[in-house]
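Here the structure comes first, spelled out in structure tokens, and everything after it is commentary.
The values are calculated or read from the model by the stated rules, or taken from the named source; none is laboratory data. The shown structure was predicted, so the numbers you read here are calculated from the model rather than taken from an experiment. Reconstructed Cβ throughout: ideal geometry from the backbone, glycine too, with neighbour counts over all protein chains shown. The area values use the complete protein model at the heavy-atom level, side chains included, leaving out ligands, DNA and RNA. Shrake-Rupley method; radii C 1.70, N 1.55, O 1.52, S 1.80 Å.
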Amino acid sequence: MIAFKPSSGRVALRTGDGCFVLAEQTDAGVLREGANLHGNMQVVGPETWSEEGEQARYEVFVLGRGLPQEAVEMEMR
């Protein structure tokens with residue numbers, strides 16, 4: 001994860017293939033910036049992501065994928 005904005009629940013990350021993904025957390029889990037999240041990031045809609053090496057799971061709504069870095073940065077301001 002490259003950024004987390006607690007006030008909106010927005011999560012921004014870069015996938016292994018270099019794509020940028022923007023999502024919104026929909027549960028009350030405590031995400032931390034820098035977490036290494038895994039899950040389906042290929043489709044827009046509700047998904048469950050987990051943190052590598054941890055049992056924590058997070059419910060998110062993927063807002064967009066394949067976004068340019070500038071768009072993700074603008075959304076995270």
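Quick notes on this structure:
Conditions (1) in contact with a Gly (Cβ under 6 Å, 6 or more places away or on another chain); (2) at pLDDT 90 or above; (3) among the hydrophobic types (A, V, I, L, M, F, W, C), marked per residue:
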| residue | (1), (2), (3) |
| --- | --- |
| Phe4 | no, yes, yes |
| Arg10 | no, yes, no |
| Thr26 | no, yes, no |
| Leu31 | no, no, yes |
| Gly39 | no, yes, no |
| Val44 | no, yes, yes |
| Gln55 | no, no, no |
| Glu70 | no, yes, no |
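- Residue pairs meeting the criteria (Cβ under 8 Å; at least 6 apart or on separate chains; first more than 12 Å from Gly66 (Cα to Cα) and free of Cβ contacts under 8 Å to residues at least 40 places away in the same chain, in the range 7-34; second open to solvent by 20 Å² or more (accessible area, probe 1.4 Å) and basic (Lys, Arg)): Glu24/Arg10; Gln25/Arg10; Gly29/Arg57
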